[in-house]
1. Around residue 381, what is the net charge, scoring Lys/Arg as +1 and Asp/Glu as -1 over all other residues with Cβ under 12 Å from its Cβ?
2. On the full set of protein chains, 1.4 Å probe, figure out the accessible area of residue 241 and give it in Å² to the nearest 10.
3. Quick one: order 254, 189 from most to least accessible surface, probe 1.4 Å.
4. Can you send over the carbon and sulfur percentage of the accessible area for the stretch 97-173, probe radius 1.4 Å, protein chains only?
5. Could you list which residues have their amide H under 5 Å from that of residue 103, counting only those 5 or more apart in sequence or on another chain, with H placed in the peptide plane?
6. About its Cα centre, how strong a charge dipole does the chain have in debye, to the nearest 20, once Lys and Arg get +1 and Asp and Glu get -1 at the Cβ?
7. Along the Cα→Cβ direction, 7 angstrom out, place labels at residue 274 and residue 333. What is the inter-label distance in nm?
8. For residue 107, what charge total do you get from the other residues with a beta carbon under 9 Å from its beta carbon, if Lys and Arg give +1 and Asp and Glu give -1?
Amino acid sequence: MLKKILLLSTFFCFSFVVIHAQPKSVAKTSKEVLDGFMDLRFGLFIHWGPVTLRGTEIGWSRNHQVKQNDYDSLYKEFNPVLFDAESWVKTAKSAGMKYLTITAKHHDGFCLWPTAFTDYNITNTPYKKDIVGLLAKACKKYDVKLCIYYTVLDWYSKDYPLHNDGAKQPDTNANMQRFTQYMKNQLKELITNYHPYMLWFDGNWEAPWTQEMGEDVYAFIKQQDPLVIVNNRLGKGDHKVLSSSTVGDYATPEQQIGEMNMQDPWESCITICKQWAWKPNDEMKSLKQCLQTLASTSGGNGNLLFNVGPMPDGRIEERQIKRLQEIGAWLHKNGEAIYGTKGGPFVTDSVKAFTRKGNKIYVHLFENKQQLQFKNLPGYKIKSASFLNGHSVNFQQDDEKIIVTWVGQMPDNNCSVIVLEMNQNVENIPVVNNSPNN
Ligand code: FHN
């Protein structure tokens, strides 16, 4: 009898320790939903707000290039009468983009929707209309996923201790408990009223925001909508990677192509120009740079969130629309090598990127080398090789190497795709890290 009591008490003691040690069980976004997101490969990022009236960087120019009072009064002039949500969404669609991420609230605290929790919002501008709501409606109409950018830090809010104003000490009137409740109130508004596919957080790096606050808000979001995708900028940590302490579903390298990663979902956010928000005569990337960026993110098994900054009157610059349409024209011909693909099996380098789907390997060529050589893939045989929707190319394959050659010009000097049809499914080939550069 004593033995039984001892055994039972040991069991209950152990199970108590195990339960106590369990991390907070929060509904995580499912692999199926995240796989669907990664199949989309390409989205439009939009940084926009009253600051475009000054042509300086959103959030960051407050108290720097633009005095605080001037910056915080810009909303009184903000009247983007040429804003047309359907035009923005159709521009994204014509670029081959499958989702759109709008800065509903950036670090300057201004809200592009009629929030009930601050007067510092679009309703109190001469324009008055609900920008987020109009975009949500247009995205639904044209089958583009609506994603909402929401800043963690808020340099305008009296309850957030820092204001990027050079103060040496945090604001003693601030109250992070009130501020976190303000965030939850607004996030509930955004989820309930606009049903975003994703919430794109940013500004998680300042001291007042803690890992625990991030975990609390993530759990709150998942109670509102278990399906909504959340990026990895709600908790603390390196944006470029996922780790055991990450709060959120996927990694967000910024202004760079993410590292090859076949396990963790990731999305690079990169500007078409230099600045995130609109700037007059900003330097814009060439079509070659844009296509190489897209092919290289896909080649690394990631997505590309490509940013434009619309003008104060609500229009996207014509030259940026044209560039996006050129990308769309390329995707119209080569989209099978991007959408729904996996990265690899070879790692991207400066002259080529590789994607794969089913029994096909797509080689994205950035230069007309007329010859490619890479390591053989034992057990996998090439059945045919050609430019995608184009003429065949020569190939040789032996136990050590594969050589592909062609003569003359590539079909597209900016980026051409050679498709290798293999004798079996290639999606699970382990990544080959050193495809010889040639
Ligand atoms: O500070 C922001 C910046 O303004 C911009 O929004 C980028 C886009 O991801 N994120 C932050 C910088 O890491």
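The values are calculated or read from the model by the stated rules, or taken from the named source; none is laboratory data. Bear in mind the structure is a predicted one, so any value in this text is a computation, not a measurement. Reconstructed Cβ throughout: ideal geometry from the backbone, glycine too, with neighbour counts over all protein chains shown. We work out accessible area using only protein heavy atoms, side chains counted, and drop any ligands, DNA or RNA first. Shrake-Rupley method; radii C 1.70, N 1.55, O 1.52, S 1.80 Å.
1. Numbers: positive: 383; negative: 398, 399, 421.
Overall, the nearby charge balance is -2.
2. It works out to around 70 Å².
3. 254, 189
4. On the way: 1620 of 3140 Å².
With neighbouring chains kept in place, the figure for the stretch 97-173 is 52 percent.
5. 46, 48, 149
6. Details: 48 positive and 45 negative charges, 146 e Å.
Result for the chain is approximately 700 debye, rounded to the nearest 20.
7. Reported label-point gap for residue 274 and residue 333 is 3.2 nm.
8. Working: positive: 62, 105; negative: 108, 154, 202.
Net charge in that neighbourhood comes out at -1.
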